[in-house]
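S.K.: What follows is a single structure, and I will ask about it in a moment.
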Amino acid sequence: MTRKHIPIRLKNLEALIREAGSAVRLARAAGTNSSYLSQVRNQLPTKKGTPRAIGDDLASKLEAAMNKPPGWMDEEHPTGPDLTAERDESNTGSQHRLIPWDQVGKGHDISEDLPPPYGTTLLRCPVECSPETFVLRVRGASMEPKFREGELIFVDPQAPVEHGKFVVVRLEESNEVTFKQLILEEGKKYLKTLNPDWPNRIIEVNPDTPICGVIIFKGEAL
């Protein structure tokens, strides 16, 4: 049976994550990759630029894993006052991978069955974060003096995206991955560079520009 890809699947995905206890546990039960599920959950773009969707195969796996009848993912279900899933298995002191900048946000490189092409260096995060958190090394001087070249930034794709947060984005026009301060004003989205000597410190971006993650911690390896 071919079922339509409808937004309700994302809502029901959150319900299953809450029922399972975390996205990691749900992915494990469904026999799929937790990083792939995170890409779907956060609507990161495919190679064609469209948001990654919950396909029929994945929907069926999720239904079977949680003992739901076929078609459950496409139906409305009673919910409590808050269906927003809690951050997965939040903990402190967990280890996360240091990855190159060109791997950020490449949802099309992650399949249901294959692990993401991350590096092998594991770094411990001293603050609460989700299992999907990854680590980048700051490059350039655009975000000085708060962020200096060589410092490590921990980026959580599941952290709340809010005005004033420092976020990692992949710019659509240049396909460049960068991190800036997020400014949300009157329905518009801007990225702000902190270095006072930098040209064009504030740029407007498409409201649909995907946020790859929020910076939750920075440090420096000595």
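The values are calculated or read from the model by the stated rules, or taken from the named source; none is laboratory data. Bear in mind the structure is a predicted one, so any value in this text is a computation, not a measurement. Positions of Cβ are generated from backbone atoms using ideal geometry, with glycine treated the same way; all protein chains shown enter the neighbour counts.
S.K.: When the residues of the stretch 1-53 are filtered to those that are modelled with pLDDT under 75 and among the aliphatic types (A, V, I, L, M), which remaining residue is farthest from Pro210 (Cα to Cα)?
M.R.: Met1
S.K.: Take the conditions under 22 Å from Arg9 (Cβ atoms), surrounded by 12 or more Cβ atoms within 10 Å (Cβ to Cβ) and modelled with pLDDT of 80 or more and apply them to Asp88. Does it pass?
M.R.: Judged against the criteria, Asp88 is not a match.
S.K.: Does Asp109 count as modelled with pLDDT of 90 or more and within 19 Å of Val40 (Cα to Cα)?
M.R.: Here the answer is no, as Asp109 does not meet what is asked.
S.K.: Keeping to the stretch 151-176, report how many residues are of a type in the set (Val, Ile, Thr), under 22 Å from Ala141 (Cα atoms) and under 14 Å from the mean Cα position of the chain (by Cα).
M.R.: Number satisfying all stated conditions: 4.
S.K.: Could you identify the single residue in Pro78, Pro69 that is touching a helix residue (DSSP H, G or I) at 6+ places or on another chain (Cβ under 8 Å), part of a loop (DSSP other than H, G, I, E, B) and modelled with pLDDT of 65 or more?
M.R.: On inspection, the qualifying residue turns out to be Pro69.
S.K.: Still on this model: Out of the stretch 126-166, which residues are closer than 16 Å to Gln95 by Cα and outside any loop (DSSP other than H, G, I, E, B)?
M.R.: Cys129, Phe134, Val135, Leu136, Arg137, Leu152, Ile153, Phe154, Val155, Asp156
S.K.: Residue check: is Thr193 buried (at least 17 other Cβ atoms within 10 Å of the Cβ), of a type in the set (Ser, Thr, Tyr) and modelled with pLDDT of 95 or more?
M.R.: It is true that Thr193 is buried (at least 17 other Cβ atoms within 10 Å of the Cβ), of a type in the set (Ser, Thr, Tyr) and modelled with pLDDT of 95 or more.
S.K.: Quick check, is Gly140 assigned by TED's automatic domain parsing to the domain that holds Ile99, at positive phi and touching a residue at least 24 places away in the same chain (Cβ under 8 Å)?
M.R.: No.
S.K.: Next question, about the same structure. Taking Leu182, is it buried (at least 19 other Cβ atoms within 10 Å of the Cβ) and either assigned to a loop (DSSP other than H, G, I, E, B) or at pLDDT 90 or above (or both)?
M.R.: yes
S.K.: With respect to Glu162, determine if the residue is farther than 30 Å from Leu26 by Cα and among the charged types (D, E, K, R).
M.R.: In short, no.
S.K.: On the given criteria, is Leu123 at pLDDT 90 or above, touching a strand residue (DSSP E or B) at 6+ places or on another chain (Cβ under 7 Å) and assigned to a strand (DSSP E or B)?
M.R.: Taking the combined requirement at face value, the residue does not satisfy it.
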